[in-house]
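The values are calculated or read from the model by the stated rules, or taken from the named source; none is laboratory data. It should be emphasised that the depicted structure is a prediction, and the values quoted were computed from it without experimental measurement. Heads up, the Cβs are rebuilt from the backbone with ideal geometry, glycines too, and the neighbour counts pull from every protein chain shown.
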Amino acid sequence: MMLQQQRLIRLPLVGTVLLCLLVGVYLFASKRFSKPAPSARIIKHPVETPADDTLKYWTADKMRDAKPAPLPNVDTPDRGKRRPRRPSRRSSPHQA
């Protein structure tokens, strides 16, 4: 009777260990073999135009009609979990 009871206790324990191991292998494999997100390339090029020519080119009319350049899409972190700020404590010589 006691031996049968111990066997019943060990079966769920072995099953739980195997399930955790399987989940761990799955998470490791999904992280390891997932495709990385494509990163935006940054292209550098030298500018040889003098600053005075650029200021002459960009008149007020051209600035009004200008369209913004496409910027990279950046995901912002979740701001829901901010640490609360602690009030600053000023120590005065009279408090002791």
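Just checking, how many residues over the stretch 58-87 are of a type in the set (Asp, Glu) and modelled with pLDDT of 85 or more?
Of the residues in that region, 2 qualify.
Say whether the condition of being out of contact with any strand residue (DSSP E or B) (no Cβ under 6 Å at 6 or more places or on another chain), surrounded by 10 or more Cβ atoms within 10 Å (Cβ to Cβ) and modelled with pLDDT of 70 or more is met by at least one residue in the stretch 41-57.
Yes, there is a match, as at least one residue in the stretch 41-57 is out of contact with any strand residue (DSSP E or B) (no Cβ under 6 Å at 6 or more places or on another chain), surrounded by 10 or more Cβ atoms within 10 Å (Cβ to Cβ) and modelled with pLDDT of 70 or more.
Out of the stretch 50-61, which residues are in a helix (DSSP H, G or I) and within 27 Å of residue 40 (Cβ to Cβ)?
The answer is 54, and nothing else.
Being modelled with pLDDT of 90 or more and surrounded by fewer than 10 Cβ atoms within 10 Å (Cβ to Cβ): is that true of residue 90 here?
no
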